[in-house]
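A.B. asks: I'd like to ask you about the structure that follows.
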Amino acid sequence: MQWFDADHAPGGADAMRREPDQVDWVRCIPFIILHLGCLGVIWTGASWFAVSAAAALYAVRMAAVTGVYHRYFSHKTYSTSRPMQFFLAVLGATTVQRGPLWWAYHHRHHHQHSDGPEDAHSPHVHGFLWSHIGWITSRRNFPTDYSKVRDLARFPELVFLNRFDAVVPAAFAAATFFAGAFLRAHAPGLHTGPWQMLVWGFFISTTALFHGTSCINSMAHLMGRRRYSTQDDSRNSFILAIITLGEGWHNNHHRYQGATRNGFFWWEIDITYYVLRCLSWTGLIWDLKDVPQSVLDEGAHPDHRESVAAASQVHLLHPEHAPLRRIVPAAAAIAVATVNAAYPAAPKRTGAAVHSDLSGHAVGQQGARAP
């Protein structure tokens, strides 16, 4: 029944969450099918259109993970209307990363217990492979704790998407198949077809998307540099920021979770933030939250002055560029200056916690406006 109703728990969700961490091999079946589906390329081959579609669907759906599931549902870093909230939730559900409430619950729990014994996917506690994929197959991590996402659970349409979380992915897979059939019939010059579009548009694109997202759980706590002294071992990585459209500035995010942007400084490429900023110009979303000046000042500590100075120099050389355009053509030079800035890794903070339980914080704030 859990294949169709994610909230089905005969023994109770609390009992499932008390089970020991171990791989549930039945839960591995979807991941096995997803990866085996990529091998279909042996029979379907490739076309420029199918490969381009896979890349485009990766980018759009990665932005849905980062900009919707993460920065909206998990942290409420901007506001939107109730219809737009539902549309964004459906878009996020196409990523095949469970429902929006399940995703938000686990992410809020991660921030509350980051790199501690209660963190479900800390590579320091459970190892790399478990933090990357193993934790999702554990029965104890399957249920959604709705008490941690009360601000979202008051919308029945979101609860429906979360409960029947296989509906949208199945519809998305079918859409790629029928799109391929339509193109074969009406645009034969594209040299694609239903099975090729299913393999590239769904299986390959979704598999790459899953591993790209999982890199933040596993590698963003092992790879990169630490600008801020946080209680966890979160790190900033330019490479991961490119793969995940901005999520690689993970240490920034763990220092201050309430900002819409993860790349705190303008030379830190954060494509998700650029997309959200452009979307705000349409009026579909609003109230994007910025990084407090005190946090920016803290980031510009003496050991970080080298990269700050390098970026400031480029700003002086190119004053004509708008904030979003400053990154090109200076991106490569600034990326090198940022990644290679000579400053020691910040130690874990031992004083007052810098994290908070966002499940309570989000309630009552500017979320979706009910009609």
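The values are calculated or read from the model by the stated rules, or taken from the named source; none is laboratory data. Only a predicted model underlies this, so the values are computations on that prediction, with no experimental measurement involved. FYI the Cβ positions are ideal-geometry reconstructions off the backbone, even for glycines, and counts take in every protein chain you see.
A.B. asks: For residue 34, are the conditions met, namely being among the aliphatic types (A, V, I, L, M), surrounded by 15 or more Cβ atoms within 10 Å (Cβ to Cβ) and in contact with a Ser or Thr (Cβ under 9 Å, 6 or more places away or on another chain)?
C.D. replies: yes
A.B. asks: Right, another one. Kindly list the number of the only condition in (1) at pLDDT below 95; (2) more than 30 Å from residue 255 (Cβ to Cβ) that fails for residue 130.
C.D. replies: All conditions pass for residue 130, except number (2).
A.B. asks: What about residue 202, is it under 19 Å from the mean Cα position of the chain (by Cα), surrounded by 18 or more Cβ atoms within 10 Å (Cβ to Cβ) and either within 21 Å of residue 106 (Cβ to Cβ) or not hydroxyl-bearing (Ser, Thr, Tyr) (or both)?
C.D. replies: When the stated conditions are applied, residue 202 passes them.
A.B. asks: Is it fair to say residue 108 is surrounded by 24 or more Cβ atoms within 10 Å (Cβ to Cβ), under 26 Å from residue 21 (Cα atoms) and touching a residue at least 60 places away in the same chain (Cβ under 8 Å)?
C.D. replies: Spelling it out, residue 108 is indeed surrounded by 24 or more Cβ atoms within 10 Å (Cβ to Cβ), under 26 Å from residue 21 (Cα atoms) and touching a residue at least 60 places away in the same chain (Cβ under 8 Å).
A.B. asks: Please go through segment 42-97 and pick out each residue that is touching a Lys or Arg at 6+ places or on another chain (Cβ under 7 Å) and farther than 19 Å from residue 261 by Cβ.
C.D. replies: Scanning segment 42-97 gives 81, 82, 94, 95.
A.B. asks: From (1) closer than 22 Å to residue 121 by Cα; (2) part of a helix (DSSP H, G or I), pick out the condition that doesn't hold for residue 272.
C.D. replies: Single failed check for residue 272: (1).
Yes or no, residue by residue, for (1) assigned to a loop (DSSP other than H, G, I, E, B); (2) of a type in the set (A, V, I, L, M); (3) at pLDDT 95 or above:
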| residue | (1), (2), (3) |
| --- | --- |
| 16 | no, yes, no |
| 25 | yes, no, no |
| 36 | no, yes, yes |
| 51 | no, yes, yes |
| 55 | no, yes, yes |
| 71 | no, no, yes |
| 90 | no, yes, yes |
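A.B. asks: OK, next. Of the residues 56, 64, 50, 89, which is under 23 Å from residue 275 (Cβ atoms), in contact (Cβ under 8 Å) with a residue 40 or more places away in the chain and among the small types (Gly, Ala, Ser)?
C.D. replies: Sole residue among the options that is under 23 Å from residue 275 (Cβ atoms), in contact (Cβ under 8 Å) with a residue 40 or more places away in the chain and among the small types (Gly, Ala, Ser): 89.
A.B. asks: How do the pairs read when you match residues in segment 177-190 that are in contact (Cβ under 8 Å) with a residue 12 or more places away in the chain and closer than 14 Å to residue 47 by Cα with residues anywhere that are small (Gly, Ala, Ser) and part of a loop (DSSP other than H, G, I, E, B), using Cβ under 7 Å and keeping only pairs 6 or more apart or on different chains?
C.D. replies: 180/193; 190/47
A.B. asks: Which pairs do you get when a residue that is farther than 21 Å from residue 285 by Cβ, found in segment 239-260, comes within reach of a residue that is modelled with pLDDT of 95 or more and of a type in the set (Val, Ile, Thr), reach meaning Cβ atoms under 6 angstrom, with the pair 6+ apart or on two chains?
C.D. replies: Qualifying pairs under 6 Å: 241/269.
A.B. asks: OK, next. Scanning segment 4-14 for residues that are part of a loop (DSSP other than H, G, I, E, B) and surrounded by 12 or more Cβ atoms within 10 Å (Cβ to Cβ), which turns out nearest to the chain's Cα centre (by Cα)?
C.D. replies: The extreme case among them is 6.
A.B. asks: Okay, next question. Looking only at segment 131-147, decide whether some residue is out of contact with any helix residue (DSSP H, G or I) (no Cβ under 7 Å at 6 or more places or on another chain), assigned to a helix (DSSP H, G or I) and over 26 Å from residue 233 (Cβ atoms).
C.D. replies: Checked against the condition, which is being out of contact with any helix residue (DSSP H, G or I) (no Cβ under 7 Å at 6 or more places or on another chain), assigned to a helix (DSSP H, G or I) and over 26 Å from residue 233 (Cβ atoms), segment 131-147 yields at least one hit.
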